[in-house]
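The values are calculated or read from the model by the stated rules, or taken from the named source; none is laboratory data. Everything numeric in this text was worked out from a predicted model, so none of it was measured. Cβ coordinates were reconstructed from backbone atoms using ideal geometry, including for glycine residues, and neighbour counts include every protein chain displayed.
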Amino acid sequence: MTRLPPRLIDILLVAIAIADVIVDGDITSREHYIMAGIGCAGLLLRRRRPLLAYLLTLPASWMLAYLAAPAIALYTLADRTKNRALLAAAVLATSIAASAPWPPGTPVDSRPETLVSFAYSLAWAGAPVLLGQLMQTRRELSARLTEIEQARDHERHLHAQAALARERAQIGREMHDVVAHQVSLIAVRAGALQVAAPDPEVAEAARTIRGLSVDTLEELRHMVTLLRAAGGQTTDLTPQPTLADLRKLLASSGIEVHLTGDLPADLPAPTQRTIYRTVQEALTNVRKHAPGATATVHLAHTADHLSVTITNTRPTRPAVPLPSSHHGLVGLAERAELLGGTFTSAPTPTHGYRADLRLPR
């Protein structure tokens, strides 16, 4: 379905507001024309300045009994803001302006009629606000459902890839540990027979068997390499991450991350892997549980200890509920304990989160 351009929609809404003023027939002075024109033209600002567009409709709401322009302005304001206090004030202001007598000083027929008029104006002004809030909630819910569906698809893909990698790795291990071992024994025995055989024909046959066994071993090693690397899972074949890979990790994390401090470059490989995996898991948790937050990774070291601190600010939008095994932080603590260190994590007073890794030097 083809949607109208936003500018054309705004022009149509202004035309509707003008038609409402003309049909109402309350315009009796130049002031009425000016205020009605300002209120209707102000709708052209509703996308960029919804509050200003609403304020421009208030004077005419007091002078005239027009309905379209303030209703459109209230709907747009409610659709664009989450400030409930502002929306309540806007509804109240519109209701007062619509029910107050014009010109000022005009005698009121009776107090009950004034209260009825105010109640009617309050209900009328609240309707577009409720509709705008409903559309805002619907739009946000649709975006969240899309995010959840994408996350689930990604999770299913990761589970399938992990299962495939485990199966291929298991097959590779079986081929390496069983088949390759047996073929190696055949090659060794054939070599021994080749040396000890008194008959030249037997020695030649042993040499052939040994050559075929060696070729088979080479093919097996190649197949094991392909099985472990299948599906893009090259973790077992590529070099393990080091501190030199931290900046690349931060750049590809998908969030705003600041790196401060440094660590010695000559740390043992297990220590470097533990630091890398800790930062990786912490940033994954920030992206998953604190959307819109920024993170800071601080590295420090003394003569005896190394420390890595990852903190993040409070999220700026609600987190998408995703399935989780809750084993990530437990795994980080176990990694730290294996190296004689500690890992702790806890919320911060500013509604963020902090993770600390401390390892012996």
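Highlighted here are the helices (runs of 4 or more DSSP H) found entirely within region 62-181 that include at least 3 residues which are surrounded by fewer than 16 Cβ atoms within 10 Å (Cβ to Cβ), out of contact with any Gly (no Cβ under 9 Å at 6 or more places or on another chain) and at pLDDT below 75: 111-174.
Could you tell me whether region 250-265 includes any residue that is over 17 Å from the mean Cα position of the chain (by Cα), at pLDDT 90 or above, under 27 Å from Asp153 (Cα atoms) and not in a loop (DSSP other than H, G, I, E, B)? The answer is no, given that none of the residues of region 250-265 is over 17 Å from the mean Cα position of the chain (by Cα), at pLDDT 90 or above, under 27 Å from Asp153 (Cα atoms) and not in a loop (DSSP other than H, G, I, E, B). Looking only at residues of region 266-294 that are in contact (Cβ under 8 Å) with a residue 12 or more places away in the chain and not in a helix (DSSP H, G or I), we find that the one that is nearest to Gly341 (Cα to Cα) is Leu267.
From the list Leu55, Leu86, Leu51, Leu64, which residue is more than 33 Å from the chain's Cα centre (by Cα) and under 24 Å from Met135 (Cα atoms)? Reasoning before the result, please.
Working: Leu86 fails: more than 33 Å from the chain's Cα centre (by Cα); Leu51 fails: more than 33 Å from the chain's Cα centre (by Cα); Leu64 fails: under 24 Å from Met135 (Cα atoms).
Matching residue, one of Leu55, Leu86, Leu51, Leu64: Leu55.
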